[in-house]
1. So is LEU209 part of a helix (DSSP H, G or I), open to solvent by less than 10 Å² (accessible area, probe 1.4 Å) and of a type outside the set (Val, Ile, Thr) or not?
2. Scanning for something polar (S, T, N, Q), part of a helix (DSSP H, G or I) and farther than 30 Å from ASP125 by Cβ, does region 231-239 turn up at least one residue?
3. Given the criteria open to solvent by less than 30 Å² (accessible area, probe 1.4 Å) and under 23 Å from ILE117 (Cβ atoms), does VAL244 qualify?
4. Report, by residue number, each residue of region 96-124 that is open to solvent by less than 20 Å² (accessible area, probe 1.4 Å) and either aromatic (Phe, Trp, Tyr) or touching a Leu at 6+ places or on another chain (Cβ under 8 Å) (or both).
5. In the list GLU263, GLU274, GLU236, which residue meets the criterion of being among the acidic types (Asp, Glu), under 23 Å from LEU140 (Cβ atoms), modelled with pLDDT of 95 or more and over 14 Å from the mean Cα position of the chain (by Cα)?
6. Take the residues in region 157-196 that are charged (D, E, K, R) and part of a loop (DSSP other than H, G, I, E, B); name whichever of them is most open to solvent (accessible area, probe 1.4 Å).
7. Kindly evaluate ASP144 against the criterion of being in a loop (DSSP other than H, G, I, E, B), open to solvent by 10 Å² or more (accessible area, probe 1.4 Å) and among the acidic types (Asp, Glu).
8. Considering region 247-260 alone, what residues qualify as being buried (at least 17 other Cβ atoms within 10 Å of the Cβ) and farther than 12 Å from GLY136 by Cα?
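The values are calculated or read from the model by the stated rules, or taken from the named source; none is laboratory data. Predicted model only: the values in this text are computed from it and were never measured. Ideal geometry is used to build each Cβ from the backbone, glycine not excepted, and the neighbour counts take in all protein chains shown. These area figures cover heavy atoms from the full protein model, side chains too; ligands, DNA and RNA do not enter into them. Shrake-Rupley method; radii C 1.70, N 1.55, O 1.52, S 1.80 Å.
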Amino acid sequence: MATLLRGLLRPLCAFQGNPGSSTGKRRGRGKESQGRVPLRAVSHGAGLLYPEHIPTSPLQKLLLAAGSAGMALYDPYRHDMVAVLGETTGHRTLKVLRDQMKRDPEGAQILQERPRISLSTLDMDKLRGLPEGSFGCAYLRFLDVNRVSPDTRAPTRFVDDEELAYVIQRYREIHDMLHTLLGMPTNILGEIVVKWFEAVQTGLPMCILSALFGPIQLSAQSLRLLISELIPWAVENGRRAPCVLNVYYERRWEQPLQALRQELGITEPPLRVEGLV
């Protein structure tokens, strides 16, 4: 029995022992080397499909999903646990998203070229030189105002398909772009609104769970505003917008933010949520 338990828990122990895993809030600007390496179908050792891959059985995935769900609900800022939950519950949905990308010219190009978003791949000097009102300028302002970094995104580990592993990695790395497009800060209310948009857009179980259970931490005032105004707005925009994974954001820096919002069918939020919790 002890041997069986050790075998089942080995992936979780390996995950917790990895120094690159996130251990708290998104704050800070640490660097992760895996952000500089595209996911590719090459040999990385026995049973490994990409550099950070940890092969797991269905039972191990179930245990990881249950544990990460509990931790993510307890502390929404445990983005490492949110990441594990997404990887262990989203296989079928990731295949749907991958197929949507393959059917779209821009999405197919992203799948082919495998761009990554990190401080090592972004030209920060170029972003700082972009004109006011451009998407790139708005994205850089979002990073600075909210004190977040693209390098805080955890690498994919538990997806047993290297192409699907890239799809969920891309989803994570464009999360701050969605904050920028939706005009949402990184407080709890802003994150919940973005999760409602992502839940409608992607159908990932992790997004749906976060959207449904995240509001339990809100104040009564914020909960009323969320239900009456922000959720309907996020759902409407999520339904109207094309698949956000099919946008090559790195080639849209110079595009005016309002023009990109109009292209995607994203409207201005009904109210400002800074300071609301």
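1. On the way: part of a helix (DSSP H, G or I): yes; open to solvent by less than 10 Å² (accessible area, probe 1.4 Å): no; of a type outside the set (Val, Ile, Thr): yes.
The answer is no for LEU209.
2. Yes, region 231-239 contains at least one residue that is polar (S, T, N, Q), part of a helix (DSSP H, G or I) and farther than 30 Å from ASP125 by Cβ.
3. Numbers: open to solvent by less than 30 Å² (accessible area, probe 1.4 Å): yes; under 23 Å from ILE117 (Cβ atoms): yes.
Answer is yes for this residue.
4. LEU97, MET101, GLY107, ILE110, ARG114
5. From the options GLU263, GLU274, GLU236, the qualifying one is GLU263.
6. Restricting to residues being charged (D, E, K, R) and part of a loop (DSSP other than H, G, I, E, B), the top hit is ASP160.
7. When the stated conditions are applied, ASP144 does not pass them.
8. Result: VAL247, single match.
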